[in-house]
Amino acid sequence: MISAKIVLIVSLVYFAFLFFVAYYADYRRQQGRSLLANSYIYSLSIAVYCTSWTFYGSVGRAATSGLEFLPVYIGPTLIAFTWWFLLRKIIRISKQQNIVSIADFLSSRYDRSAILGAIVTLFAIFGIMPYIALQLKAIAFTLDLVSTPLDPVLGFHSFAPKLPPYVDTAFIVTLVLGLFGVLFGARHLDSSERHEGLVTAVALESLVKLVAFLAVGIFVTYGMFDGFSDIFQRFFEQFPERRDLFRLGTQQTPYTKWFTLIVLSMMAIMLLPRQFHIMVIENSDEEHIKKAMWRFPAYLFLINLFVIPIAIGGLILNGGDSSQADYFVLTIPLSAGHPWLAMLVFIGGFSASAGMVMVSSVTISTMILNHLIMPIILKMKLEADNYAGILINIKRLGIVGVVFLGYLYFKIIGDSYALVNMGLISFMAATQFAPSFIGGLYWRRANRKAATIGLSLGFFMWFYTLLIPSFVRSGWIDSDILQNGPYGITLLRPLELFGLQGFDIYTHSLFWSLFFNLASYLALSFFLKQSETERIQATKFVDAYGRKVKPTQLKRISKAPTIMEFVELMSKFIGEKPAHQAISNYLGDREIDARGSLADHEIPNLKSYTERTLAGYVGAAPARIILENYLSTRGSKMEDVFDIFGSVTISHAASREQLSVLYEASQIVSRGTDLQKTLDDILGLLAQQFKFDLCVIRFLDEENMTLVVKSQRGMSSEHFGQSERNLNMDTYIGQAFLSNVTSVINDTDFLDKASSAQIIHREGITSFAHAPIIVEGEPVGVLSAFSRVVKGIFTDEFVALFENLAGQVGIAWRNDKQLQELLKVREQEYEMQIAKDIQMGLLPTNIPEMEEIALAGLCVPAHQIGGDYYDFIRRDNSIAYDLIIADVSGHNIASALIMAEARTFIHSQVEGLENPADMVFALNRFFFKNLECSELFITMFYLQYRPLEHKLTYTNAGHNSPLVWRVDEQRLDKLDAEGLIFGIKKDVEFEQKSTQLQAEDLLLLYTDGIIEAENNQGEFFGIERLGKLLQESEAMTPQEIIDKILDQVRIFTGLRHFNDDITLVVMKILR
Amino acid sequence: MSKQRANSTREAWVVCLILGMIMINFPFIHIFNNDRMLFDIPILVLYFFIGWPASIWVTRFFMKKIDQMEEENEDNSEGRGSS
């Protein structure tokens, strides 16, 4: 026993030391050399998890229930394994959203719901009460244990006898801890600012409690006993019947309970308000998580290492009495005559309790202020010039209030429970946050109503299955409800709800509370729809790692407040100095115009900044209400101005408005009228929808390599909108075109191209963009847009839309180009048609009926114009008939012209040149001159039939041999003569041959189109087939023969059209 | 290459987490749940107090590995940036 005075002095010195450390930490922070940059402090501060429940309760639990104390520390070790993913995401989100507590987190995730925040806060208060009570109980009890009161009857009152009788040790401790909380946690109002002093003090306390516990552990294990083995050996010798303490699956500790405790502690380490505060809000660097992930479990391991030795050592020393096992840690050194060790243990235990109470009370009072008090203040619309002073005092009052709630709980219920059981009630309450919390992190569809109802049901079940039995045990409620259920309904017995029997109270409670919580959460999330704003909030949480979503320029505020008015509003709630500080932070990196006010589009940003700043002090939901109320009382309204922007910016997928602009543009393009009109219409759409001052489309003029204005909309300026642009990298437009990348300038105050800057500044442009118009990967022009009013108009999403429009312009351009080409082709075709008509006109169309011979001819060009030619000339008085067949290589205009020339030549020379050889000779000379420079050549067969003599004279210039079917002799002859094709040599000797024909004989002239007609097996039609056809057709008229041959050739090739020109001439001798 | 490594680390991570879940729960711990002693200490107690630091070591190992990979990534991206 130590004199109470000494205990008090030592305690006071310790308090003073803690304060010193806390102030030092705050001082360092102001110096910019934060102690929290040290990852050890973060890891140690998380050990606020180990309260006096751990410090004293673990030993108590080990002594009475054996290994049951372990899962509460193994669970956190396991979940710490996931922190790099889970905790980091939570921290990331909280930093992004300026979140200040777990209630704020849940409320923010679910549409900034004020109701949800209030529900979470209420249950956090209920949940924390037993836990704080537990700490008070531990401190008060150990204080009485360790010190010798001056008067055993009066106890504490011997110090100050004038105090009223209800002021006992626990009451004093409550006051002290409340004071601690106020001093460490509520010196400023801003809760999103880290409490470095508080955290450092907590980390120090964690170190002290570990050292104290290890000290007593080593003292017991190695000082009083001879190591671990010795303790166990002696314990089993003395109490062989207590072997079950080190076994599981027993009556005392069934496996289900073991599992339940692991689940509870896994959730509690993340979701207890104080853990959330220390791990998330007070985190200064995400990298610290990596270290904490193993250091914190290592801490847990160390602090538990001596729990069993102390517990069984205490049992041995106390003859197996476990009634005071909760305080073995203290009583063993005391009874062993080591008061200073006991003092250290007391300080350690005090540290454990104080740390927890400080952090919890600050956290909970922040939640009370933000989620219970603020909404009420705002609803009542209290008139006050300065809320900041009131708010900070409410917060301080809240801290003391929370601690006193714990005191009340302790006074009313406390004595009936061991430490550990009171802790588990809190753990179970924190576990109810799990579905909404974890679901909110990963499940986009999870919605506000589902979370609200799930949480409410979970807490109701928690209250019913866990708190009511504890009330019964403390004698508050008649135990009848446990045995017979409320109103005698046995099905509703709190410990055997719906007939679920055979489980311990925690497993039973965990099952039912989570069952109702999770089931309603999942089902409602699945079936109910989210509102637009709710979806946006959900996305911010689920996609925390993704692209930062900035709903900028969504709206404009009419009758907007000025900057000063925003400052005044903030000062009301957070105090003048922080408000000015905040606004100067905001304005620091922004341009203010000459009148000292922000541009229109900046006001909404300032509004959301103000909201976020306020959220740091009062929470997200109240901040939103404050701003909305304020604006509505001023008559200000958020207006949709850049609505298209807004939605484009916010949504990840293309929004409806974005699509509608693109759709309209594509409609314009597909209408496909005049290109000029299409371009004008697209620019009109762009200018109208997005309020640009100038939109220009320029296309490349390939000859001069300049960009020439094709269409322009908006302000007209000789130098600006209408001028051509040279292609070089010195201008933004040239850069866009040459590098094929959109160049965007959101603020023309910052330009790096001097030549552009001059023009742009003269025209008063504040932002602009040039998007290359790309067709098949190549730029063909540039789409430009300029704004004189709005800076920052080109967000990433808008640039995407802008580029898309440029693409549409490209399509219009390409369509137009293709159309022009098509027209050109059509024109050529028309000319070809004329040429063909002329050419066909040159061929003998109607052959007169003659007495001596019957004649028919046909020319089928494969293409528009053919190179084949045949002719028939009746010489004077029918002395002779000249037959000509020729083939000019190629099927183009040139071949047609050559053919026409040949015809003209023949017709003009026919009088002078009597026989075929002469004619062909002359033709060759004529063509040699003309064909020399062209690549063409001509084959020709020239025949002359003299009916009186029945004599056929012929000359060949490289043409296919005509066939003669001699009916009398039933013989097929091929006519041939020596000769060269035209145009090769100037003077060529052409052989002239002659043969006799008789009545009924058939002569067939043809071009190679017939015999080279190919079937799908690659066979040619050939002379044989042609000759055979002729042979079979001896009774037919020439026209019939031609038709038959054509039919057969078509059948042979299987094609309706021929690949080459086909010309046939058939002559039949009549008499 | 490094992405592949990051993936395999992540997979090993999940495997370890699941293993951890199994190893601290019924029925796995039932193996040690008997009256046998080692150094006069019940075997179940030994199991927890040896397995626990081992699992902490595993976490530490993984974090070192992640640190290492992040450093490599930084090196890589720096190299790319300067080239």
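Report every pair of residues separated by at least 6 positions or lying on different chains whose Cβ atoms are under 9 Å apart, first residue within the stretch B:57-71 and at the interface with chain A (Cβ under 8 Å from one of its Cβ atoms) and closer than 19 Å to residue B:17 by Cβ, second polar (S, T, N, Q) and buried (at least 17 other Cβ atoms within 10 Å of the Cβ).
From the stretch B:57-71, the pairs are B:59/A:77.
For the stretch A:1042-1071, name all the residues that are in contact with a Leu (Cβ under 7 Å, 6 or more places away or on another chain) and of a type in the set (A, V, I, L, M, F, W, C).
Selection gives A:1042, A:1045, A:1064, A:1065, A:1066, A:1067, A:1069.
Kindly provide the set of residues from the stretch B:1-30 that are among the aromatic types (Phe, Trp, Tyr) and at the interface with another protein chain (Cβ under 10 Å from one of its Cβ atoms), ordered by number.
B:13, B:26, listed by residue number.
Looking only at residues in the stretch A:757-798 that are of a type in the set (Val, Ile, Thr), at pLDDT below 80 and within 29 Å of the chain's Cα centre (by Cα), which one is surrounded by the fewest Cβ atoms within 10 Å (Cβ to Cβ)?
A:775
When you go through B:48, B:62 one by one, which is the residue that is surrounded by 14 or more Cβ atoms within 10 Å (Cβ to Cβ), modelled with pLDDT of 80 or more and under 17 Å from residue A:83 (Cα atoms)?
Sole residue among the options that is surrounded by 14 or more Cβ atoms within 10 Å (Cβ to Cβ), modelled with pLDDT of 80 or more and under 17 Å from residue A:83 (Cα atoms): B:62.
Regarding residue A:296, is this residue surrounded by 18 or more Cβ atoms within 10 Å (Cβ to Cβ), under 55 Å from the mean Cα position of the chain (by Cα) and either of a type in the set (D, E, K, R) or facing chain B (nearest Cβ under 10 Å) (or both)?
Details: surrounded by 18 or more Cβ atoms within 10 Å (Cβ to Cβ): yes; under 55 Å from the mean Cα position of the chain (by Cα): yes; either of a type in the set (D, E, K, R) or facing chain B (nearest Cβ under 10 Å) (or both): yes.
Yes, satisfied.
Just checking: which of the helices (runs of 4 or more DSSP H) contained wholly in the stretch A:1-87 hold 3 or more residues that are touching a Pro at 6+ places or on another chain (Cβ under 8 Å) and closer than 22 Å to residue A:207 by Cα?
Result: A:71-80.
So if I check each of A:955, A:939, which one is in contact with a His (Cβ under 7 Å, 6 or more places away or on another chain), crowded, with 20+ Cβ neighbours inside 10 Å and over 18 Å from residue A:1069 (Cα atoms)?
Criteria check complete, one pass: A:939.
Among the residues of the stretch A:965-975, write down those that are out of contact with any helix residue (DSSP H, G or I) (no Cβ under 9 Å at 6 or more places or on another chain) and touching a residue at least 12 places away in the same chain (Cβ under 8 Å). Spell out the reasoning first.
Taking the stretch A:965-975 first, the residues out of contact with any helix residue (DSSP H, G or I) (no Cβ under 9 Å at 6 or more places or on another chain) are A:966-969, A:971, A:973, A:975.
Selection gives A:966, A:967, A:968, A:973, A:975.
How many residues are on the phi < 0 side of the Ramachandran plot, out of contact with any Phe, Trp or Tyr (no Cβ under 7 Å at 6 or more places or on another chain) and part of a loop (DSSP other than H, G, I, E, B) if we restrict to the stretch A:948-969?
6
If you go through the stretch B:18-30 one residue at a time, how many are within 18 Å of the chain's Cα centre (by Cα) and either among the acidic types (Asp, Glu) or closer than 15 Å to residue A:68 by Cβ (or both)?
Residues in the stretch B:18-30 being within 18 Å of the chain's Cα centre (by Cα) and either among the acidic types (Asp, Glu) or closer than 15 Å to residue A:68 by Cβ (or both): 2 in total.
Being part of a loop (DSSP other than H, G, I, E, B), of a type outside the set (Val, Ile, Thr) and either under 17 Å from residue A:443 (Cβ atoms) or at pLDDT 80 or above (or both) narrows it down to one of A:521, A:545, so name that one.
One residue alone meets the criteria, A:545.
When residue A:212 is evaluated against the numbered criteria (1) more than 14 Å from every other protein chain (Cβ to nearest Cβ); (2) closer than 30 Å to residue A:437 by Cβ, which criterion, by number, is the only one it fails?
(2)
In the stretch A:903-933, what count of residues is obtained for those that are surrounded by fewer than 16 Cβ atoms within 10 Å (Cβ to Cβ), among the basic types (Lys, Arg) and either outside the structural domain of residue A:868 (by TED's automatic domain parsing) or in contact (Cβ under 8 Å) with a residue 12 or more places away in the chain (or both)?
Count: 1.
Here's a check for you: in the stretch A:245-260, which residue that is in a helix (DSSP H, G or I) and within 10 Å of chain B (Cβ to nearest Cβ) is nearest to the chain's Cα centre (by Cα)?
Keep residues of the stretch A:245-260 that are in a helix (DSSP H, G or I), which gives A:245-246, A:255-260.
After this cut, where a residue has to be within 10 Å of chain B (Cβ to nearest Cβ) as well, the list is A:245-246, A:255-256, A:258-259.
Values: A:245: 54, A:246: 52, A:255: 44, A:256: 42, A:258: 41, A:259: 38 Å.
The qualifying residue nearest to the chain's Cα centre (by Cα) is A:259.
Quick test of your reading of the structure: residue A:886 fulfils all but one of (1) in contact with a helix residue (DSSP H, G or I) (Cβ under 8 Å, 6 or more places away or on another chain); (2) farther than 21 Å from residue A:1067 by Cα. Name the failing condition by number.
All conditions are met except number (2).
Looking at the stretch A:742-752, can you tell me whether even one residue there is under 20 Å from residue A:699 (Cβ atoms) and not in a helix (DSSP H, G or I)?
yes
Residue A:269 fails exactly one of the following numbered conditions: (1) over 16 Å from residue A:311 (Cβ atoms); (2) within 13 Å of chain B (Cβ to nearest Cβ). What is the number of that condition?
Among (1) over 16 Å from residue A:311 (Cβ atoms); (2) within 13 Å of chain B (Cβ to nearest Cβ), the lone unmet condition for residue A:269 is (2).
Of the residues A:37, A:25, A:62, which single one is at pLDDT 85 or above and farther than 30 Å from residue B:12 by Cα? So that I can check it myself, show each step before the final result.
Numbers: A:37 fails: at pLDDT 85 or above; A:25 fails: at pLDDT 85 or above.
None of the other options fit; the residue is A:62.
Quick one: which of A:134, A:145 is aliphatic (A, V, I, L, M), at pLDDT below 85 and crowded, with 24+ Cβ neighbours inside 10 Å?
A:134
Somewhere in the stretch A:277-289, is a residue at the interface with chain B (Cβ under 10 Å from one of its Cβ atoms), more than 27 Å from residue B:40 (Cα to Cα) and surrounded by fewer than 18 Cβ atoms within 10 Å (Cβ to Cβ)?
Of all residues in the stretch A:277-289, those at the interface with chain B (Cβ under 10 Å from one of its Cβ atoms) come to A:287, A:289.
Subset that is more than 27 Å from residue B:40 (Cα to Cα): A:287, A:289.
Those still in the list that are surrounded by fewer than 18 Cβ atoms within 10 Å (Cβ to Cβ) too: A:287.
Yes, there is a match, as at least one residue in the stretch A:277-289 is at the interface with chain B (Cβ under 10 Å from one of its Cβ atoms), more than 27 Å from residue B:40 (Cα to Cα) and surrounded by fewer than 18 Cβ atoms within 10 Å (Cβ to Cβ).
Among the residues in the stretch A:496-513, are any crowded, with 24+ Cβ neighbours inside 10 Å, more than 25 Å from residue A:70 (Cβ to Cβ), among the aliphatic types (A, V, I, L, M) and under 48 Å from the mean Cα position of the chain (by Cα)?
Checked against the condition, which is being crowded, with 24+ Cβ neighbours inside 10 Å, more than 25 Å from residue A:70 (Cβ to Cβ), among the aliphatic types (A, V, I, L, M) and under 48 Å from the mean Cα position of the chain (by Cα), the stretch A:496-513 yields no hits at all.
When you go through A:136, A:87 one by one, which is the residue that is within 14 Å of another protein chain (Cβ to nearest Cβ) and touching a residue at least 12 places away in the same chain (Cβ under 8 Å)?
On the way: A:136 fails: within 14 Å of another protein chain (Cβ to nearest Cβ).
Within the list A:136, A:87, the selection yields A:87.
Take the residues in the stretch B:31-48 that are within 19 Å of residue A:69 (Cα to Cα) and at the interface with chain A (Cβ under 7 Å from one of its Cβ atoms); name whichever of them is nearest to the chain's Cα centre (by Cα). Don't jump to the end; show me each part of the working.
So the first thing to find is which residues in the stretch B:31-48 are within 19 Å of residue A:69 (Cα to Cα), and the list is B:32-34, B:41-48.
The next check asks that each one be at the interface with chain A (Cβ under 7 Å from one of its Cβ atoms); those that pass are B:33, B:41-42, B:44-45, B:48.
Details: B:33: 24, B:41: 26, B:42: 25, B:44: 21, B:45: 21, B:48: 16 Å.
Among residues in the stretch B:31-48 that are within 19 Å of residue A:69 (Cα to Cα) and at the interface with chain A (Cβ under 7 Å from one of its Cβ atoms), the one nearest to the chain's Cα centre (by Cα) is B:48.
Output the helices (runs of 4 or more DSSP H) that fall wholly within the stretch A:448-504 and possess 2 or more residues being modelled with pLDDT of 80 or more and of a type in the set (D, E, K, R), or say none.
It comes to A:448-462.
If only one of A:847, A:865, A:838, A:873 is of a type in the set (Val, Ile, Thr) and within 18 Å of residue A:939 (Cα to Cα), which one is it?
None of the others qualify; the one that does is A:865.
Which condition number in (1) surrounded by fewer than 20 Cβ atoms within 10 Å (Cβ to Cβ); (2) outside any loop (DSSP other than H, G, I, E, B); (3) away from chain B (no Cβ under 13 Å); (4) of a type outside the set (D, E, K, R) is the one that residue A:183 fails?
(1)
Does residue A:41 satisfy being among the hydrophobic types (A, V, I, L, M, F, W, C), buried (at least 17 other Cβ atoms within 10 Å of the Cβ) and assigned by TED's automatic domain parsing to the domain that holds residue A:209?
Considered against the rule, which asks whether it is among the hydrophobic types (A, V, I, L, M, F, W, C), buried (at least 17 other Cβ atoms within 10 Å of the Cβ) and assigned by TED's automatic domain parsing to the domain that holds residue A:209, residue A:41 comes out as yes.
The values are calculated or read from the model by the stated rules, or taken from the named source; none is laboratory data. The model shown is predicted, which means the values in this text are computed figures rather than measured ones. Virtual Cβ from ideal backbone geometry, glycine too; neighbours counted across all protein chains shown.
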